[in-house]
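A short worksheet on the structure shown next.
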Amino acid sequence: MKLLYTTSKLGIGERMYQTKRTVQEAGTTCPEKISSISGANKKRRRLDMELEAEKKTESSDNSDEDEEEEHKEAIEKTATDNFNFGKVEECIKKPLNSDQALPSTPALQKAFHKPSSKPAVFIPVDRSPEIQEARLKLPILAEEQVIMEAINENPVVIICGETGSGKTTQVPQFLYEAGYASSDGIIGITEPRRVAAVSMSHRVAKEMNLSHRVVSYQIRYEGNVTDETKIKFMTDGVLLKEIQKDFLLLKYKVIIIDEAHERSVYTDILIGLLSRIVPLRGKKGQPMKLIIMSATLRVEDFTDNQKLFPAVPPAIQVDARQFPVTVHFNKRTPVDDYNGECFRKVCKIHRMLPAGGILVFLTGQAEVNSLCRRLRKAFPFHKNKTEGDEEKEESVEETRKFKKSKQKKTMPLPKIDLNSYSVLPVDEGDEDREAEMDDDEDAVGSDIDLDLGDDGLEEGEKSNSSLPLYVLPLYSLLAPEKQAKVFRPPPLGTRLCVVATNVAETSLTIPSIKYVVDCGKVKKRFYDKVTGVSSFRVTWTSQASANQRAGRAGRTEPGHCYRLYSSAVFSDFEKFSPPEITRRPVEDLILQMKALNIEKVINFPFPTPPPTEALAAAEELLIALGALQEPPKTGRLKDLQIAKLSCPISPLGMTMASFPVAPRYAKMLALSKQHDCLPYAITIVSAMTVRELFEEFERPAVSEEETEKLKGKKARVIQMRRIWAGQGPFQKLGDLMVMLGAVGACEYAGCTPKFCEANGLRYKAMVEIRRLRGQLTTAVNSVCPDAGLFVDPKMKPPTETQVTYLRQIVLAGLGDHIARRIQAEELLDEKWKNAYKTPLLDDPVFIHPNSVLFKQLPEFVVYQEIVETTQMYMKGVSAVESEWIPVLLPPYCHFGKPLENPPPFYCPETGRIRCHRPSVFYRVGWQLPAVEVDYPEGIDRYKYFAKFLLEGKIVKQLGSYKRCLLSSPLTMLKTWSKLQPRTEILLKALVSENADSHDALLAAWKKNPKYLLSAYCQWIPEVMHDDVAKRWPPVTL
């Protein structure tokens, strides 16, 4: 029996069920989809009658009902025989159209058995009438039946619905009402951003009239999940951590991957893992549903990827935009001054168009703040206004509406459907008419399809207090309380204008936006897959992102999107942005996957696999860090290549994987237990992970007063950095010492916004560092229970010894990020002065001017990252000593033969043979000082071990026989030693048990107490053999 989902009257919040009519012929759809509201009472009575009829049937009191049931079964059998499943499968494989809702596919029946009929489950939800009325306006409500039938019949379902369709808030409610969380199961929803996980949990809890104990969230630093939780919103990284503890995710009944179109790295990893978990759960008899929700139609990466999903999952499209959006292109595209073009466009919109919020898309924080200052100066807003001012504003608003109505008569606005990706103005292509109109229009910044007026550039810059504009910035680094302002209604008599980065594309929905101004640009971080150098570049966005931006204008009323580029430029945009996993290093993901026992990462079912060279570089780094076991060095070439990309994780790697930071920083934490350095290492790692501790002072000022203010603030911050850096040995820790001092001072002052503002610190960053310190402290305590760490707000500064160890710890973690100052005799050009050379780059790099080591210029430094702007600059710089490099970074060094002077010696502390070896740094051949290391493996190490054994330096009891030896222990090292049989006998005995250290020798004696007795007796007179045999072995086991 199949179920039909309907929506009941407003305010009741109930859903009724009835038996679905059977399909009569192939390809026909069910005549009842979502019934009208007025029919709810009829269905309720009909359901009651059917329940009564079933009771009578069981008692055989009503023969008419029996005949009716037999008739229904006959119809169902006929329908099943005649139904053409192939047509449905063909329908699913066709491209999605905006007016086509795909039915659920039976293609998965070969891999998954069709679920048997189950009794209807309904969990009542008591919604308010206002919420119920608002829900019914969402496009996804019309597809509830189609969505739920697809989920009930398929283990994996894809839902495509652009921003505004209601999929994020409504699909979890569909599942909850259908009973997917009625038992011990949980409905889990992953979001790529923390702000979305928190806000969506609050919204769904409000709509369902449930407490936050039932609808909860869990993000990196906080959460409110309880034992009563039934719907759980979380970031994708949180679910990935849960998979490490419970691979099958047994407490979840449904997993929803939201915003899958963003293709974040963790989302791709989750989809690959869940594609294997879902079939395993089905085999165990505990099925789990996987729902992938995307805001774009780019689903081919999931549906056409046979490696990911062998059976094609059904894809359901939901019409998203609630109101039409008219798109206006510029005739010509500004080359560089898109910021100024945004300013002029906003000025025209504000002066001439009716009321409605404005959303401007720019590329970065500096551009956002710059435009905000210009708009505030042009249209100042004063909080306290007189009544006369308000009346004046009303008259201005009327004048604006009148001007707009006149323009509508002369030139109507074309309506353009954004669901098709060729968004062109109606007059595009008519070049003759455009040329005639261009004679009377400003070439740059003009709108062929909508005349916003002839305001010149000068008028845009003039201050006009009669048209107040409420301007707000929005970007990811903005403090949360300032981000929240964009969701509140603007002050009375003002127009809201939000200037944002691409964070406003999909993550946040800003109410009352009617006009969108899109510069068409986006700032992205690009990584070199081999060198790891990162650079921020401003590039054109994708067509999908441009349509996302346009969709922001049609949420509450018909809107307009003004694109500051031509339709020809738009047609050259790439359709979709490349997935993040193809644009960044992946060593952190590889380590997490290795911790899940996924050794052959290259075979993992990525929706879009990362480049092979990125995987190879990641494994090479993890091997150098000691997180992975080294591959074999001998064997067939093909086997060696396979082994190189499938190295198992090491015990150190398992420890590193338990820390939620990058592998380089995790290595630093793993080494910092000695000398009580853990609290300082945790603080430094937290600061390096959060990044951007200090405010940016390089922004342009709009007045001399602001210029002086910025100069004064920058001078104070520079002074504080010098104080935090310290003097002498403390200053050698460099920028990391500044981070440590800044966090310590901020915590000591209570981490208040006032302290951060006065010292140029970002308050949001300091709060995140505090949270991450707490998380890392908990992780370290779980790995090392005896550590007994806690976050101390009154943490004392480190001692000189601790600073030295911190520098060594940083070197061990950032070993591949090392640079050497170019000597005077090596200068190839004047531009190389004060430059540094790195192993992987041919071009010179420089210490960033903001670094406290900018003028110190140490010979060797390690850096956090290299950022390419006008030059390549190192950030997060710390000085290191050259003699530390071969000791702490042996994988990166090539060692020469052991030196004869000073000669090798036995180390009682380690029980091993030590020597001094010259070394050079790999690839660049930097000469390093001779360093004391373990004697290299080989026959010579056994010879030295035999020499020190005979001298009594390894086992002191044998020292009493040293004067009685028949030959000098030095004989073991002579080239002619083979001429004496006793040297060969002792050497072979040591090699047979790999006894080249004190611990190995004890292990051999535990195995055989008479080990080495006969070989040693060859070196002493025969009269002493009995005495030696009585005392053998010469140690207490």
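The values are calculated or read from the model by the stated rules, or taken from the named source; none is laboratory data. The model shown is predicted, which means the values in this text are computed figures rather than measured ones. Here Cβ is always computed from backbone atoms with ideal geometry, including for glycine, and neighbour counts include all displayed protein chains.
Just so you know, in region 739-752 the residues that are under 27 Å from the mean Cα position of the chain (by Cα) and assigned to a helix (DSSP H, G or I) include one that is farthest from Tyr665 (Cα to Cα), and it is Ala742. Just one of the numbered conditions (1) more than 23 Å from Leu478 (Cα to Cα); (2) surrounded by fewer than 16 Cβ atoms within 10 Å (Cβ to Cβ); (3) modelled with pLDDT under 90 is not true of Val702: (1).
In the set Lys289, Lys245, Lys251, only one residue is within 30 Å of Tyr221 (Cβ to Cβ), touching a residue at least 40 places away in the same chain (Cβ under 8 Å) and surrounded by fewer than 19 Cβ atoms within 10 Å (Cβ to Cβ); that residue is Lys251. Would you confirm whether or not region 706-713 contains a residue that is part of a helix (DSSP H, G or I), polar (S, T, N, Q), loosely packed, with under 14 Cβ neighbours inside 10 Å and out of contact with any helix residue (DSSP H, G or I) (no Cβ under 8 Å at 6 or more places or on another chain)? Yes, region 706-713 has at least one match. Looking only at region 210-232, residues that are of a type in the set (Lys, Arg) and in a strand (DSSP E or B) come to 1 in all.
Leu250 falls short of the stated requirement of being modelled with pLDDT of 90 or more, in a helix (DSSP H, G or I) and within 19 Å of Leu596 (Cβ to Cβ). Among the residues of region 181-193, those that are within 24 Å of His261 (Cβ to Cβ) and buried (at least 22 other Cβ atoms within 10 Å of the Cβ) comprise Ile187, Gly188, Ile189, Thr190, Glu191, Pro192.
Candidates are the residues of region 219-236 that are within 15 Å of the chain's Cα centre (by Cα) and of a type in the set (D, E, K, R); the one that is surrounded by the most Cβ atoms within 10 Å (Cβ to Cβ) is Asp236.
Of note, Phe323 satisfies the criterion of being surrounded by fewer than 20 Cβ atoms within 10 Å (Cβ to Cβ) and at pLDDT below 90.
Cβ-Cβ contacts under 9 Å between residues 6 or more apart (or on different chains), taken from a first residue in region 261-272 that is over 18 Å from Ile159 (Cα atoms) to a second residue that is of a type in the set (Val, Ile, Thr), are listed as Val265/Ile581; Val265/Val586; Tyr266/Thr190; Tyr266/Thr235; Ile269/Ile581. A count restricted to region 350-362 and to residues that are crowded, with 22+ Cβ neighbours inside 10 Å and either part of a helix (DSSP H, G or I) or outside the structural domain of Ser545 (by TED's automatic domain parsing) (or both) stands at 0. Residue pairs whose Cβ atoms lie under 6 Å apart, sitting 6 or more positions apart in sequence or on different chains, and linking a residue in region 189-201 that is in contact (Cβ under 8 Å) with a residue 40 or more places away in the chain to a partner that is part of a helix (DSSP H, G or I) and among the small types (Gly, Ala, Ser), are Glu191/Ala197. Determine whether Val690 is surrounded by 15 or more Cβ atoms within 10 Å (Cβ to Cβ) and more than 30 Å from Arg374 (Cα to Cα). Here the answer is yes, as Val690 does meet what is asked. Considering (1) closer than 28 Å to Pro660 by Cα; (2) crowded, with 17+ Cβ neighbours inside 10 Å, the lone condition that Gly774 does not fulfil carries the number (2).
When every residue of region 282-293 is checked against the conditions, at least one turns out to be touching a strand residue (DSSP E or B) at 6+ places or on another chain (Cβ under 6 Å) and either among the basic types (Lys, Arg) or part of a helix (DSSP H, G or I) (or both). Tally time: how many residues in region 815-833 are part of a loop (DSSP other than H, G, I, E, B) and under 36 Å from the mean Cα position of the chain (by Cα)? Of the residues in that region, 3 qualify. For region 262-284, a residue qualifies if it is more than 22 Å from Ala614 (Cβ to Cβ) and either in contact with a Ser or Thr (Cβ under 9 Å, 6 or more places away or on another chain) or among the charged types (D, E, K, R) (or both), and the qualifying residues are Arg276, Arg281, Lys283, Lys284.
Within region 837-852, one or more residues are in contact with a helix residue (DSSP H, G or I) (Cβ under 7 Å, 6 or more places away or on another chain), assigned to a loop (DSSP other than H, G, I, E, B), within 23 Å of Gly726 (Cβ to Cβ) and not small (Gly, Ala, Ser). Of the residues in region 526-543, at least one is assigned by TED's automatic domain parsing to the domain that holds Leu359, surrounded by 22 or more Cβ atoms within 10 Å (Cβ to Cβ) and not basic (Lys, Arg).
Tell me which residues, restricted to region 187-209, are over 27 Å from Leu477 (Cβ atoms) and not in a helix (DSSP H, G or I). Correct list: Ile187, Gly188, Asn209.
Might you check whether a residue that is part of a helix (DSSP H, G or I) and over 25 Å from Ser577 (Cβ atoms) occurs anywhere in region 321-343? The answer is yes; a qualifying residue exists. For region 771-790, state whether one or more residues are under 28 Å from the mean Cα position of the chain (by Cα) and basic (Lys, Arg). Checking region 771-790: at least one residue is under 28 Å from the mean Cα position of the chain (by Cα) and basic (Lys, Arg). Residues that are surrounded by 17 or more Cβ atoms within 10 Å (Cβ to Cβ) and at pLDDT 85 or above number at least 2 in the following helices (runs of 4 or more DSSP H) confined to region 572-676: 587-595, 612-625, 651-657, 663-671.
For region 969-1020, a residue qualifies if it is touching a residue at least 24 places away in the same chain (Cβ under 8 Å), touching a helix residue (DSSP H, G or I) at 6+ places or on another chain (Cβ under 8 Å) and aromatic (Phe, Trp, Tyr), and the qualifying residues are Tyr1016, Trp1019.
For region 911-931, residues that are in contact (Cβ under 8 Å) with a residue 40 or more places away in the chain and out of contact with any helix residue (DSSP H, G or I) (no Cβ under 6 Å at 6 or more places or on another chain) total 6. With respect to the stated conditions, Glu222 is within 22 Å of Leu477 (Cα to Cα), touching a residue at least 60 places away in the same chain (Cβ under 8 Å) and either among the acidic types (Asp, Glu) or out of contact with any strand residue (DSSP E or B) (no Cβ under 6 Å at 6 or more places or on another chain) (or both). Within region 241-257, is even one residue closer than 27 Å to Asn152 by Cα, aromatic (Phe, Trp, Tyr), in the same structural domain as Thr296 (by TED's automatic domain parsing) and in contact with a helix residue (DSSP H, G or I) (Cβ under 6 Å, 6 or more places away or on another chain)? Taking every residue of region 241-257 in turn, none turns out to be closer than 27 Å to Asn152 by Cα, aromatic (Phe, Trp, Tyr), in the same structural domain as Thr296 (by TED's automatic domain parsing) and in contact with a helix residue (DSSP H, G or I) (Cβ under 6 Å, 6 or more places away or on another chain).
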